[in-house]
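The values are calculated or read from the model by the stated rules, or taken from the named source; none is laboratory data. Everything quoted here is computed from the prediction, not taken from an experiment. FYI the Cβ positions are ideal-geometry reconstructions off the backbone, even for glycines, and counts take in every protein chain you see.
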């Protein structure tokens, strides 16, 4: 049987919400995703370009990254490449209004799921839940 303090610590760890980093240059999309994810119980942080997102993840890794592919300063493919090289267990979901070829490249670079824009929010939420709870 666990001592009370250890039991409390273990229970607290299980109760902590998963953290998600949204890397997206369009504030309206970031706001929408934040609202949907927070309503589902996740803790969300944001970056408005790829370079800022990579820096934020290196400083404080999150449980999941959702990144756009077309962004200023550092595009989403570069973000995925950087993160998957530096963090072997990073979980990335990519989204884009670009061609399906770009989403396919994201998959090849390590994105676990890809979504075209406009987003199917229910499908995106299912992918997030799958990645964070399996």
Among 63, 89, which is the only one that is surrounded by fewer than 19 Cβ atoms within 10 Å (Cβ to Cβ), without any contact (Cβ under 8 Å) to a residue 60 or more places away in the chain, within 17 Å of residue 19 (Cα to Cα) and under 13 Å from the mean Cα position of the chain (by Cα)?
-> 89
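Of these, 44, 36, 54, which one is out of contact with any strand residue (DSSP E or B) (no Cβ under 7 Å at 6 or more places or on another chain), within 20 Å of residue 121 (Cα to Cα), surrounded by 17 or more Cβ atoms within 10 Å (Cβ to Cβ) and modelled with pLDDT of 95 or more?
Values: 44 fails: out of contact with any strand residue (DSSP E or B) (no Cβ under 7 Å at 6 or more places or on another chain); 54 fails: within 20 Å of residue 121 (Cα to Cα).
Criteria check complete, one pass: 36.
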Kindly establish whether residue 78 is out of contact with any strand residue (DSSP E or B) (no Cβ under 7 Å at 6 or more places or on another chain), surrounded by fewer than 18 Cβ atoms within 10 Å (Cβ to Cβ), at pLDDT below 95 and closer than 17 Å to residue 56 by Cβ.
-> no
In the stretch 38-60, what count of residues is obtained for those that are touching a residue at least 24 places away in the same chain (Cβ under 8 Å) and at negative phi?
-> 16
For residues that are without any contact (Cβ under 8 Å) to a residue 24 or more places away in the chain and within 14 Å of residue 97 (Cβ to Cβ), scanning just the stretch 118-134, find the one that is surrounded by the most Cβ atoms within 10 Å (Cβ to Cβ).
-> 120
Single condition residue 98 does not satisfy, out of (1) over 18 Å from residue 61 (Cβ atoms); (2) touching a helix residue (DSSP H, G or I) at 6+ places or on another chain (Cβ under 8 Å) = (2)
